[in-house]
1. Quick check: is even one residue across segment 75-89 under 15 Å from the mean Cα position of the chain (by Cα) and small (Gly, Ala, Ser)?
2. Please work out which one of (1) assigned to a helix (DSSP H, G or I); (2) touching a strand residue (DSSP E or B) at 6+ places or on another chain (Cβ under 9 Å); (3) surrounded by fewer than 19 Cβ atoms within 10 Å (Cβ to Cβ) is the condition residue 90 fails and give its number.
3. Kindly evaluate residue 29 against the criterion of being more than 13 Å from residue 120 (Cα to Cα), within 15 Å of the chain's Cα centre (by Cα) and acidic (Asp, Glu).
4. Consider residue 107 carefully, then state whether it is among the hydrophobic types (A, V, I, L, M, F, W, C), assigned to a strand (DSSP E or B) and surrounded by 16 or more Cβ atoms within 10 Å (Cβ to Cβ).
5. When residues of segment 1-26 are filtered for being β-branched (Val, Ile, Thr) and within 12 Å of residue 122 (Cβ to Cβ), how many remain?
6. If you go through segment 59-69 one residue at a time, do you hit one that is of a type in the set (Ser, Thr, Tyr) and either touching a Leu at 6+ places or on another chain (Cβ under 8 Å) or surrounded by 13 or more Cβ atoms within 10 Å (Cβ to Cβ) (or both)?
7. For residues that are of a type in the set (Lys, Arg) and at pLDDT 95 or above, scanning just segment 107-139, find the one that is farthest from residue 67 (Cα to Cα).
8. Of all residues in segment 32-72, which are polar (S, T, N, Q) and either closer than 19 Å to residue 18 by Cα or over 13 Å from the mean Cα position of the chain (by Cα) (or both)?
Amino acid sequence: MIGIPRIVSPDMLTVLMEMGHGDSLVIGDANFPAHSVARASGGRAVRADAARVSDLLDAILTLMPLDDAVHTPILGMVDPSCALSEAHETFQSVLARHGYDPERMALLSKADFYQRAAHSYAILASGDPERFANLILTKGVVTYAKKT
């Protein structure tokens, strides 16, 4: 498919298209309880078992802009034993590659992350074995090129 990364399944693409400005999307690691959080919140869970969170982030940012109206449109879950893990450094690199300031990613405690995740539009359940490799993305405004 032209312009759609292969890692993006039809179900993921549907979720991205259904989301509106300000909706949030969780990308959870292999330990994140995606289905139970989605079930409790009335959201939707989509499986991406063979994917790592950083690869999903990279693919999603080619299709969906982050919200410019909020200071931190991307939230990560922090490991209490360290402020910034290798996974978070990778996420910041992916953000920079897509033209976003890595400082726009805030880190939340596990409890705060779960509370925010409970209000998300959908949750992508990755197979990423990295602990605390969970993200919440806030969708921005999609702009379309005008035909002349």
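The values are calculated or read from the model by the stated rules, or taken from the named source; none is laboratory data. None of these values were measured; they are calculated from a predicted model. So basically every Cβ, Gly included, is an ideal-geometry build from the backbone, and we count neighbours across all protein chains shown.
1. yes
2. (2)
3. yes
4. Criteria met by residue 107.
5. 3
6. Looking for residues that are of a type in the set (Ser, Thr, Tyr) and either touching a Leu at 6+ places or on another chain (Cβ under 8 Å) or surrounded by 13 or more Cβ atoms within 10 Å (Cβ to Cβ) (or both), one finds none in segment 59-69, hence no.
7. 116
8. Residues satisfying the conditions are 36, 41, 62.
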